[in-house]
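What follows is a short report on a single structure.
Only the coordinates and a few stated rules stand behind these numbers; no lab work does. Note that the structure is predicted; figures quoted are calculated from it, not measured. Quick reminder, even Gly has a Cβ in these numbers, built from the backbone with ideal geometry, and neighbours come from all protein chains shown.
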Amino acid sequence: MDGFPVKITEAACLGASLALSGICYYLYRKSRTTLDKLDDAPHFAIDGKLKDILKVTPGACLQYAVVEGAVQPAGEPLTSHFQKEFVGVLQKFLLREHRLVWNSLSRTWADSERVLHHRVNAVPFVLVGSNETTVRVLCPLQASGLYMETTHEKFHQVNYGLGDIIGQYLSGEKLKGQLETEEMLKVGSTLTGVGELILDTDGTLNLRPPSDGSQYFLSITDFDTLLGEQESIALWWKALAIASALAGAAVVLWVGRRYYYELKLRWEREQERKAFERLQTEGSQARALVTGSETPQDGAEEHIENACVICLSQPRNCILLDCGHVCCCHSCYQAFPHRRCPICRQSISRVVPLFHV
């Protein structure tokens, strides 16, 4: 594409679409791999047979397995700060400040939030199945999935005075209030766990993050719901990857279309130049037969009297059609940025050579 500039905006859009499609495709493949592993993961009931299965398994370890049981604390449970009847094994408290910030570009107030306080409490817990068989859950905070329920949520709104309102408009920030939330994994909740299942040397069953880097899941929903959520995530990343790739293809087609029209215009001008030179040669030969050979003095006078209004160095040797104006030489005509007559601004359909008799 020699001599054909690609605009900065086109290059930026193409680069952004390629980068975004690459990122989205990578995340899609990662989600798809996780989904395939979930499909292939074996399901085990938490009962007396589980230890027997692990005893005959090499290394007493199942690298990726699905278990489901009721949550019970291994020691003293945690009590909710706001609902004393709620007890659990995981507790997360979050205090967020909400503000309105003035956006000078869009001329609107935009919502903004900031975390003021974040605290997580946890106690060891197990999943209980039939026959009082238990599986201890390790590193629960590293797990993905929905495994906590909101036990408290309250928004503390701020009351403004006249001075506060004036100060907010001057500073460009409005304090809306503070939102405090508490989430807990309650005792007795049915929890689905997907991870590495091992039999420890002391005979205890443990569920922990997979050592091969596979995704670790804890969810208060059933396995089918968890599988559907992961499938939706994979489809979402796939759709984003396709959309960004199509955007990049659209940019490439747009640039290619512009390049095609540029080549077409060059070809048309080259054909027009050749036709002009051919007509000019034929006209000169016909005039020579009628009038005889031209004298250098006549050519010099023609050059001076009919100078091109643009370059002032070449004679006017072309007629612009359909308007019929004779004002320039063919070299200056080819340099026109637009095919319009410089006298009347009418579109030029074709150009024919001018002969002086």
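Please work out whether segment 61-194 counts as rounded, prolate or oblate from its C-alpha gyration tensor, where a ≥ b ≥ c are the square roots of the eigenvalues and a/c under 1.5 means rounded, while otherwise a/b larger than b/c means prolate and anything else oblate? Prolate is the answer for segment 61-194, as a/c is 1.5 or above and a/b outweighs b/c. Classify segment 1-144 from the C-alpha gyration tensor, please: rounded if a/c falls under 1.5, else prolate or oblate depending on whether a/b exceeds b/c. Verdict is oblate for segment 1-144. Shown in residue order for segment 154-171 are the 3J(HN,Hα) couplings computed by the Karplus curve 6.51 cos²θ - 1.76 cosθ + 1.60 at θ = phi - 60°: 8, 10, 9, 7, 9, 9, 9, x, 4, x, 5, 5, 5, x, 5, 5, 6, 7 Hz (x for Gly and Pro). For K186, a cut-off of 30 angstrom between C-alpha atoms picks up these lysines, skipping any fewer than 8 places away in its own chain: K37, K49, K51, K84, K92, K154. Put a dot 7 Å past the Cα of L253, heading toward its Cβ, do the same for W109, and the two dots end up 4.5 nm apart.
Using the Cβ of I198 as centre and a radius below 14 Å, the other residues enclosed give a net charge of 0, where K and R count +1 and D and E count -1.
Using θ = phi - 60° in the Karplus curve 6.51 cos²θ - 1.76 cosθ + 1.60, the 3J(HN,Hα) couplings for segment 233-247 round to 4, 5, 5, 5, 5, 5, 5, 5, 5, 5, 4, 5, 5, 5, 5 Hz; x is entered for Gly and Pro.
Charge dipole (Cα centre; +1 on Lys/Arg Cβ, -1 on Asp/Glu Cβ; no other charges) of the chain amounts to roughly 940 debye. Within straight cross-link reach of K174, meaning Cα distance under 17 Å, which aspartates and glutamates are found once same-chain residues fewer than 8 apart are removed? Those aspartates and glutamates meeting the cut-off are E97, D111, E113, D164.
Gain on full extension, evaluated as 0.36 nm per residue between E76 and D164 minus their Cα-Cα distance, stands at 27.0 nm.
Normalised by the number of residues in segment 113-260, the average gap of Cα pairs under 8 Å and 6 or more apart makes the relative contact order 24 percent. Restricting attention to the chain, close to 90% of DSSP beta bridges with both partner residues there are antiparallel. Listed values [x] 157; [y] 254; [z] 188 include one computed from this model; for volume of the Cα convex hull per residue in Å³ that value carries the label [y].
Summing +1 for each Lys or Arg and -1 for each Asp or Glu among the other residues whose beta-carbon sits under 13 angstrom from that of V255 gives +1.
Going from the fewest other Cβ atoms within 10 Å to the most, the residues F86, F125, F336 appear in the order F336, F86, F125. Each Lys or Arg adds one and each Asp or Glu takes one away; over the other residues whose Cβ falls under 11 Å from the Cβ of R32, this sums to +1. Projecting the Cα atoms of H81, H325, F93 onto the charge dipole of the chain, computed from C-beta unit charges around the Cα centre, puts H325 farthest toward the positive end.
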